[in-house]
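Notes to accompany the following structure.
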Amino acid sequence: MRSFSVKYCINHGIVLFDDLTNQESSVSQISNSDDWLPVLSETEGPRYLAFVQALENDVQTGVLKPGTRLLPQRDMANQLGLSVGTVSRAYAEAESRGLISGEVGRGTFVQRRRPPTSVKGHAQATINLALNVPPSTGEHELIASVLSEILADGALSPLLGYLPHQGLPSHREIMADWLTAFGIKADTVNLFITHGGQHALSIALNMVAAPKAMVLTERFTYSGMIALSAQNGYRLHGVDGDAGGLLPEALDRAFSDTGARVLFATPSLQTPTGTVMMPERRRQIADVIAKHEAYLLEDDVYAFLFASSPMPVSALIPDRSFYVTSFAKCLAPGLRIGAMIVPEQFRDRSINAVRATGWMAQPIMAEVVARLLHSGDLLRQMHLKRAAAARRNAIADRLLGAWLAPMSGTPGFHRWLPIPAGRTLIALVTQAAQAGITIAPPGALQQVDRGTLGIRLCLGHPATDEILENALLELKRILESAEAISFV
């Protein structure tokens, strides 16, 4: 039997190394003898719809199997002689019809076209356990009511002009007060309101890493960082860690061996693995960064889930850290409001970076967040999110406890599922797709041992606990099955 080692490739997603021939193949190449290309009809009408029709026909006739990985959009466009815009529109339309599902940095996969039914017999969409969003806790109605207040009290008009690049001082002051609960004492002079956490990370990287520069991360890292590296040419290098977070000696060695001077890390509820860095380990990591005169980009978006938040590494080395958080997980992703603390020496350049990438974050959404912070409603939402996370983790432990990595102690919105012995990563993704469940391979950097591979299961996206339970029951059936897809 042939065996494969797995690594992550920016251009092709998961890449497998054949241990026998020492050759590499993409997952799509191994799961399919040839990359799928549609046969486009010559009928009149938009070419993107012809693409979708061909895709749908091949799914219905069995030519395309659930779990098949499609070519990246640019590669598909080149193969078909179409514009990237046309192929992008075709992929979007196919995803809206439930034919495919994709995530930035990981790939696009064919979905099983069967309508799962709820207990009431109504059809529902494919269950997505790949997208890490918070469970709904009434935030939609809350945000709607605040928007109504803004209209009613005449506050809208002042928010429609060109406002300060960093955000209104009143908004920054209330966000700075909020951050003290997480161990961050921020001077509002160095606090920026951004278009979400991803925008903040993009600005921070631009401050400390030139294009094509080496950037260190955890061995399995956030897909948004992979997307930034693909966009700007950063070279990502994964650093080993364990259940307690990054290993200081491995980080020290990585700085020395690669010449990198930037580390991106998520110490609290790391994505995708869910690990939480131990307090002493945080001090050691801070010492290593200071030793190498490097910079830290710390993503602390899950800090609100802790009853008592761990001390951010950024608080230990504020002059060498960019601290990033957002309101995507504690409130709603669509707000696109984040907060970033920058070292004093980077303030002026960061102001220009915000101007160059959007002038300012959306003041209306920042006003919504500020009002919810002032009223205490955001704090109540945080408590509701914590309760929902605890409830959904209990469901996951009850059904998949035999397979899941142990929880860190604080329930988050995602769990790490190590690939069981005798299974392959692509087999698990494929079988889940056949059952109407979307899961996605992680963003692994460098070649990794097969025993360390896993899948991030996102517990927040299903609309109800019941839908999540049904999905996890199906995954349990797959994991218990004696049948395993292997490459021979």
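The values are calculated or read from the model by the stated rules, or taken from the named source; none is laboratory data. Since this is a predicted model, take the numbers as computed values, not measurements. Please note: Cβ atoms are built from the backbone with ideal geometry, for glycine as well, and neighbour counts cover all protein chains shown. Surface areas here come from the heavy atoms of the whole protein model, side chains and all, with no ligands, DNA or RNA. Shrake-Rupley method; radii C 1.70, N 1.55, O 1.52, S 1.80 Å.
How many residues, within region 220-231, are of a type in the set (Ser, Thr, Tyr) and open to solvent by 10 Å² or more (accessible area, probe 1.4 Å)?
Residues in region 220-231 being of a type in the set (Ser, Thr, Tyr) and open to solvent by 10 Å² or more (accessible area, probe 1.4 Å): 2 in total.
If only one of 194, 217 is over 30 Å from residue 169 (Cα atoms) and either buried (at least 19 other Cβ atoms within 10 Å of the Cβ) or in contact with a Gly (Cβ under 6 Å, 6 or more places away or on another chain) (or both), which one is it? Before you say what the answer is, go through the steps one by one.
Values: 194 fails: over 30 Å from residue 169 (Cα atoms).
Testing whether each residue is over 30 Å from residue 169 (Cα atoms) and either buried (at least 19 other Cβ atoms within 10 Å of the Cβ) or in contact with a Gly (Cβ under 6 Å, 6 or more places away or on another chain) (or both) leaves just 217.
Looking only at region 397-421, which residues are out of contact with any Asp or Glu (no Cβ under 9 Å at 6 or more places or on another chain), buried (at least 17 other Cβ atoms within 10 Å of the Cβ) and assigned to a helix (DSSP H, G or I)?
Within region 397-421, just 400 meets the criteria.
How many residues are touching a residue at least 12 places away in the same chain (Cβ under 8 Å) and either more than 19 Å from residue 316 (Cβ to Cβ) or under 22 Å from the mean Cα position of the chain (by Cα) (or both) when one looks only at region 243-288?
Total meeting the criteria: 25.
Of everything in region 315-351, what is polar (S, T, N, Q) and either touching a residue at least 40 places away in the same chain (Cβ under 8 Å) or outside any helix (DSSP H, G or I) (or both)? Give them in sequence order. Give the derivation first.
Here is the first cut: in region 315-351, the residues polar (S, T, N, Q) are 321, 325-326, 345, 350.
Within region 315-351, 321, 325, 326, 350 meet the criteria.
Which residues, taken from region 370-383, are assigned to a helix (DSSP H, G or I) and either farther than 23 Å from residue 132 by Cα or more than 22 Å from the chain's Cα centre (by Cα) (or both)? Write out each step before concluding.
Restricting attention to region 370-383, the residues satisfying the condition of being assigned to a helix (DSSP H, G or I) are 370-375, 377-383.
Within region 370-383, 370, 371, 372, 373, 374, 375, 377, 378, 379, 380, 383 meet the criteria.
Quick one: how many residues across region 310-334 are more than 25 Å from residue 214 (Cα to Cα) and either modelled with pLDDT under 95 or open to solvent by 40 Å² or more (accessible area, probe 1.4 Å) (or both)?
Quick first cut of region 310-334, residues more than 25 Å from residue 214 (Cα to Cα) only: 310-311, 326-334.
Retained after the next criterion (residues that are either modelled with pLDDT under 95 or open to solvent by 40 Å² or more (accessible area, probe 1.4 Å) (or both)): 311, 333-334.
Looking only at that region, the number is 3.
Which residues, taken from region 280-309, are assigned to a loop (DSSP other than H, G, I, E, B) and surrounded by 20 or more Cβ atoms within 10 Å (Cβ to Cβ)?
300, 301, 302
Condition check: at pLDDT below 90 and of a type in the set (A, V, I, L, M, F, W, C). Does residue 146 satisfy that?
Working: at pLDDT below 90: no; of a type in the set (A, V, I, L, M, F, W, C): yes.
Criteria not met by residue 146.
For region 87-107, how many residues are buried (at least 19 other Cβ atoms within 10 Å of the Cβ) and of a type in the set (S, T, N, Q)?
The number of residues fulfilling the criteria is 1.
Please give the number of the condition residue 259 fails out of (1) on the phi > 0 side of the Ramachandran plot; (2) among the small types (Gly, Ala, Ser); (3) open to solvent by less than 10 Å² (accessible area, probe 1.4 Å).
Here residue 259 clears every test but (3).
In region 173-190, what residues are under 13 Å from residue 368 (Cα atoms) and not β-branched (Val, Ile, Thr)? Reasoning before the result, please.
So the first thing to find is which residues in region 173-190 are under 13 Å from residue 368 (Cα atoms), and the list is 174-175.
Matches in region 173-190: 175 only.
Against the condition in a helix (DSSP H, G or I), farther than 30 Å from residue 154 by Cα, open to solvent by 10 Å² or more (accessible area, probe 1.4 Å) and of a type in the set (Lys, Arg), how does residue 386 come out, does it pass? Steps first, answer last, please.
On the way: in a helix (DSSP H, G or I): yes; farther than 30 Å from residue 154 by Cα: yes; open to solvent by 10 Å² or more (accessible area, probe 1.4 Å): yes; of a type in the set (Lys, Arg): yes.
Against the criterion (in a helix (DSSP H, G or I), farther than 30 Å from residue 154 by Cα, open to solvent by 10 Å² or more (accessible area, probe 1.4 Å) and of a type in the set (Lys, Arg)), residue 386 qualifies.
Rundown of residues vs (1) over 17 Å from residue 268 (Cβ atoms); (2) in contact with an Asp or Glu (Cβ under 9 Å, 6 or more places away or on another chain), yes/no style:
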{"residue": "288", "(1), (2)": "yes, yes"}
{"residue": "294", "(1), (2)": "yes, no"}
{"residue": "297", "(1), (2)": "no, no"}
{"residue": "301", "(1), (2)": "no, no"}
{"residue": "313", "(1), (2)": "no, yes"}
{"residue": "317", "(1), (2)": "no, yes"}
{"residue": "320", "(1), (2)": "yes, yes"}
{"residue": "334", "(1), (2)": "yes, no"}
{"residue": "342", "(1), (2)": "yes, no"}
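When you look at residue 88, is it modelled with pLDDT under 70 and among the hydroxyl-bearing types (Ser, Thr, Tyr), yes or no?
Details: modelled with pLDDT under 70: no; among the hydroxyl-bearing types (Ser, Thr, Tyr): yes.
Here the answer is no, as residue 88 does not meet what is asked.
Restricting attention to region 108-143, report how many residues are open to solvent by 90 Å² or more (accessible area, probe 1.4 Å), at pLDDT 85 or above and not charged (D, E, K, R).
Qualifying residue count for the region: 1.
Between a residue in region 147-166 that is part of a loop (DSSP other than H, G, I, E, B) and any residue that is at pLDDT 95 or above and among the charged types (D, E, K, R), which pairs come within a Cβ distance under 7 Å, given they are 6 or more apart or on different chains?
155/367; 165/355; 166/172
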